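What follows is calculated from the coordinates using simple rules that are stated; it is not laboratory data. Being a predicted model, the structure only gives us computed values, none of them experimental. Neighbour counts are summed over all protein chains in view; Cβ atoms, including those assigned to glycine, are modelled from backbone coordinates with ideal geometry.
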């Protein structure tokens with residue numbers, strides 16, 4: 001099929017290409033009548049503006065990118081819904097890019113953005129974030145860029161986060177109050193700020209209750225965590241664990257089954273998770289619920305503010321939205 | 001920051017822009033030594049080819065699009081992992097677009113593709129698919145396009161599906177065999193081929209066991225299904241239900257709680273779902289597990305075949321990969 005061009009419209013209507021272009025862009029220089037004739041024909045012939053050509057001119061793609069590590073986590077699914085709610089209103093396309101926790105992939109994606117494919121970027125970084133610091137810093141000077149949840153502290157731009165340290169503190173305190181004395185914090189990567197914050201909150205609660213750090217410890221898990229988790233639970237003899245990712249929470253249920261540990265009698269569990277099935281699990285899972293939708297919405301709102309007005313300084317616009325602890329049967333006192 | 005252009009490289013090295021361009025594209029017309037000088041400087045100055053300009057020339061964006069209705073469903077999360085596994089190997093970016101079940105949004109996205117933003121499209125259509133039929137037909141003539149899971153029958157291109165009719169037949173048969181006599185098939189939209197196939201399999205099992213259609217019926221749910229579902233379960237007096245979407249399966253657990261129905265004693269449930277928590281639910285959920293990863297992989301493999309060789313006729317390449325029934329406690333005979 002031949003593409004309909006501005007030139008073709010101009011020939012058919014016996015007008016200059018400049019007039020056609022202005023009419024399509026609703027310029028006030030063109031009479032109402034001519035505008036309507038041009039727009040009607042463009043519609044009839046299914047004229048599509050070429051985004052590459054027009055991007056070279058206008059430097060706008062009406063597109064924003066969302067870069068996230070994975071989608072099999074309800075946090076990101078909800079955050080994207082928050083982002084899309086704002087983008088839809090502004091008439092922007094949202095492109096979702098997955099890094100699968102690889103900083104190499106992350107950098108390839110960021111490099112792609114330098115060439116003008118998108119107008120702005122919302123990003124939640126990989127666990128190997130330190131490697132991407134330079135690329136992120138550079139990109140943030142060229143395009144509006146806003147972090148949400150997983151941030152890169154060193155990059156000077158807006159960051160939408162939740163109160164990770166306080167949330168972990170409250171979760172740990174809850175475990176202590178229902179009788180746990182050997183608590184394990186199951187962590188994913190010490191490179192992530194959110195993890196370091198959660199660890200900080202964990203230790204704060206231990207200190208406050210004067211629990212020895214020898215029995216209460218932080219353990220790191222990679223993605224294939226099942227075997228390691230079984231070992232840890234067996235060796236560590238924890239009576240309570242806090243899973244700092246949704247995936248790790250499911251892993252604890254799997255490990256408990258393997259080790260024939262009864263939840264919550266032998267082991268109490270709290271998950272940082274927005275799983276919609278949390279309350280239907282056996283036992284129902286006590287969760288730290290993160291305001292994912294609101295965080296996505298806040299990040300997108302800031303991004304569009306910066307896209308609309310280039311004088312908005314994103315560095316001064318960070319925001320923290322609190323998480324909530326939902327207590328369920330997985331931490332029931334026996 | 002000023003963008004580094006081919007012209008700037010040419011000036012710095014005292015070479016023509018044509019030579020620079022050829023050297024960057026590894027042309028054999030350019031000596032090894034010159035190629036190295038050009039590429040080293042390009043690297044040093046962080047030269048990025050402009051994809052818009054080069055797309056106008058080469059008509060390739062090294063990008064494929066995946067269009068799906070939502071991401072909060074494990075089926076799509078797994079399918080995307082299958083797609084990305086293939087794309088990564090081929091050095092392509094994957095852009096994910098969400099339609100949120102709106103055919104209007106779907107059409108806006110498809111229109112965007114007409115202008116050359118991506119090289120190929122993998123799509124699982126919205127529940128309002130009939131409205132997009134025309135746009136899909138048109139696009140499939142301009143770009144390689146492969147359907148996965150939710151297809152549009154009328155569009156002549158490859159379709160990667162699972163055996164929906166057979167899977168629903170087996171699920172219904174299982175419910176009958178554990179004693180159900182009033183079975184409800186909870187469906188999402190009769191516009192979707194996968195739904196019509198599941199309904200076909202459902203009726204086939206009823207006929208085979210000579211169960212009356214008056215007591216065993218198909219009920220449609222929109223997205224905000226909770227209240228409607230409660231009403232239906234109360235009114236319909238089903239002793240078994242098949243939830244044809246993951247979300248509807250969770251809705252059944254919610255409705256059962258509200259109505260104080262005991263699962264599986266009062267009501268048995270099967271879900272079409274790839275939920276990783278299915279076996280930890282209370283009761284653990286019997287599921288029709290769809291080969292999402294394999295379907296995504298097969299769809300992407302076909303797409304790249306067509307991208308590599310324009311003589312590949314996608315219409316002759318459809319494939320069906322079977323689903324599996326995992327029997328758990330939610331259909332336990334009491």
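Tell me, what is the percent relative contact order of segment B:6-49, built from C-alpha pairs under 8 Å that lie six or more residues apart? Display every interim value, and only then the final one.
Values: 26 pairs, mean separation 14.0, N = 44.
So the answer I get is 32 percent.
Summarising the label geometry, the points placed 7 Å from Cα in the beta-carbon direction at residue A:316 and residue B:196 lie 5.9 nm from one another.
The mean number of partner chain beta-carbon atoms within 10 angstrom of a residue's beta-carbon across peptide B:275-285 is 6. Just to be sure I understand the curve: with the Debye formula and one point per C-alpha of segment B:164-289, what is log10 I(q)/I(0) at q = 0.12, 0.14 Å⁻¹? Computed log10 I(q)/I(0) values: -0.37, -0.52. Pair-distance distribution of the protein assembly as shown: all C-alpha pairs, bin width 20 Å, starting at 0; shares per bin in whole percent are 16, 45, 31, 7, 0. May I ask you to derive the FRET efficiency for residue B:111 and residue A:141 from their Cβ-Cβ distance with R0 = 30 Å, giving the value to the nearest 0.05? FRET efficiency, residue B:111 to residue A:141: 0.35. Inter-copy label distances at residue B:45, shortest first and taken from points set 7 Å along Cα to Cβ: 4.0 nm. Residue A:312 label point (Cα plus 7 Å toward Cβ) to equivalent points in the other copies: 4.3 nm, shortest first. Based on the Kirkwood approach, the hydrodynamic radius assigned to segment A:283-334 is 13.6 Å, with every pair of different Cα atoms included.
Can you give the FRET efficiency for residue B:208 and residue A:88, using 1/(1 + (r/R0)^6), R0 = 41 Å, r = Cβ-Cβ distance, to the nearest 0.05? Working from the Cβ atoms, E equals 0.35.
Shielding value for B:92-98 is 6, the average number of Cβ atoms from other chains within 10 Å of each residue's Cβ. Each helix, a run of at least 4 DSSP H residues, gives -39500 (n - 2.57); summed and divided by the residues of chain A, these come to -13500 deg cm²/dmol at 222 nm.
Projecting 7 Å from Cα along the Cα-to-Cβ direction, the label point of residue A:208 sits 6.0 nm from its equivalents in the other copies, listed shortest first.
Here, chain A is characterised by an Rg to Rh ratio of 1.13, where Rg is the alpha-carbon radius of gyration and Rh the Kirkwood radius.
When the Cα atoms of segment A:6-49 are aligned to their principal axes, the ranges along those axes come out at 23, 17, 17 Å in descending order.
Which FRET efficiency value, to the nearest 0.05, is calculated for residue A:11 and residue A:104 with the Förster distance at 51 angstrom and r the Cβ-Cβ distance?
According to the calculation, E is roughly 0.55.
Dividing the Cα radius of gyration of segment B:161-231 by 2.2 N^0.38 Å, with N the residue count, gives 1.10. Computed over segment A:247-329, the P(r) tail beyond 22 angstrom holds 45 percent of alpha carbon pairs.
How many percent of all Cα-Cα pairs in segment B:56-123 sit more than 15 Å apart? In whole percent, the long-distance tail amounts to 53.
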